[in-house]
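The values are calculated or read from the model by the stated rules, or taken from the named source; none is laboratory data. In this text, all values refer to a predicted model and were calculated from it rather than measured experimentally. Note that we place each Cβ from the backbone using ideal geometry, even for glycine, and neighbour counts take in every protein chain shown.
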Amino acid sequence: MIVVSDSTILIGLAKIGKLALLRDMFSKIYIPEEVYREVVEKGAHKPGAKFIQEASWIEMKPVTDVIQVLFLMPSLEKGEAEVLGLAKEIQAELILVDEEKARKSAIMAGFDVMGILGVLRTAKKLGLVTSIRADIEELQRKKFRLSEKIIRQVLQETREAG
């Protein structure tokens, strides 16, 4: 499966020490240059920056259709625009993204999307983790913005509501 990720998913999973879940779930993740800059260069001293820089399974790939990125930038941030552009170029099957505008744009462009809660839910379904409640609580403690409605839904789906 060809998967492209935005920075938010990488940052969130890094904050809770769960970046390796992406490797276990997808084998390889592609990120555009702007996402690499946001996570590794601008976030050099933040959780996960060194891990992402050294991870052989995370591949930085430049977007060649610069016009496409410029076209998307009035409504999306540069990293999100590059994620959509790269996904189109490499015919990705899934985009990992949390921001609502970017999710809507990706869905309108015909992509499947998954946010951080979807990653955790899928990891549990695959048996990669036994519980996700503590991870969700840790994300909240680390000020990662999550929808209470989606949290409740995911916890019900994974039989962790309570």
Query raised in the report: Looking at this structure, is L155 farther than 21 Å from A20 by Cα and assigned to a helix (DSSP H, G or I)?
Result: yes
Report task. Residue by residue through the stretch 116-152, note down the ones that are out of contact with any helix residue (DSSP H, G or I) (no Cβ under 8 Å at 6 or more places or on another chain), under 19 Å from L22 (Cβ atoms) and charged (D, E, K, R). Result -> K124, K125
Query raised in the report: Which of the residues belonging to the stretch 130-146 are in a loop (DSSP other than H, G, I, E, B) and either crowded, with 18+ Cβ neighbours inside 10 Å or under 16 Å from the mean Cα position of the chain (by Cα) (or both)?
Result: I132, F144, R145, L146
Query raised in the report: Picking from E41, E33, which residue would you name as being touching a residue at least 12 places away in the same chain (Cβ under 8 Å), surrounded by fewer than 22 Cβ atoms within 10 Å (Cβ to Cβ) and among the acidic types (D, E)?
Result: E33
Report summary line: Selection over the stretch 89-105 where residues are modelled with pLDDT under 95 and not in a loop (DSSP other than H, G, I, E, B) yields a count of 6
Query raised in the report: When you scan the stretch 7-32, how many residues do you find that are touching a Pro at 6+ places or on another chain (Cβ under 6 Å) and not hydrophobic (A, V, I, L, M, F, W, C)?
Result: 1
Requested in this report: Could you please find all residues in the stretch 61-77 being among the hydrophobic types (A, V, I, L, M, F, W, C) and under 21 Å from the mean Cα position of the chain (by Cα)?
Outcome: V63, V69, L72, M73, L76
Report task. Go over the candidates K143, K149 one by one and state the one that is of a type outside the set (G, A, S) and farther than 22 Å from P47 by Cα. Result -> K149
